[in-house]
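The structure under discussion appears below in the form of structure tokens.
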């Protein structure tokens, strides 16, 4: 498989599974099946033992199921199956273009594989929360990074005290308050 040479017309797609992110360049009019083929090729090249996160990789690109974020600005809201794919990991004929499936340049796309046919979440069934006719929540194994700024409650209180001191100093410098009033 020849690698795709990035041009101003190609998109960069971030494919996510667990803590793994795979960056691929692809043309916006490429079919979904092409993205899946590129993904399988990249994973087999970087995982010579044939496993990613303890799971054996699929034998064919059709084994992947792709999902797009419910909200591209808030990935923690979850993922939905990408349009242009039929249930049970099988694609409709031709696969549909990435652009038509709602994919955009730089977008994060979840991927999964290896589920049993029953657990795809494609069938409309009654669930505990939503009642009849609602789709069961699909599970996507994507772990998003958590940005810990290292602040804790004590640190926040110290920051507030420092801000108050700075405000008082500004008042003194502006002439609003004298040193004696502090």
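Residue by residue, here is whether (1) assigned to a helix (DSSP H, G or I); (2) surrounded by 12 or more Cβ atoms within 10 Å (Cβ to Cβ); (3) free of Cβ contacts under 8 Å to residues at least 60 places away in the same chain holds:
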| residue | (1), (2), (3) |
| --- | --- |
| 28 | no, yes, no |
| 35 | yes, yes, no |
| 39 | yes, yes, no |
| 43 | yes, yes, yes |
| 62 | yes, yes, yes |
| 67 | no, yes, no |
| 72 | no, yes, yes |
| 76 | yes, no, no |
| 83 | no, yes, yes |
What do you reckon, is residue 58 modelled with pLDDT of 95 or more, more than 30 Å from residue 147 (Cα to Cα) and surrounded by 13 or more Cβ atoms within 10 Å (Cβ to Cβ)?
yes
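The values are calculated or read from the model by the stated rules, or taken from the named source; none is laboratory data. As the structure is a prediction and not an experimental result, all values here were calculated from the model. When we count neighbours, we look across all protein chains shown, and the Cβ atoms used for this are built from the backbone with ideal geometry, even at glycine.
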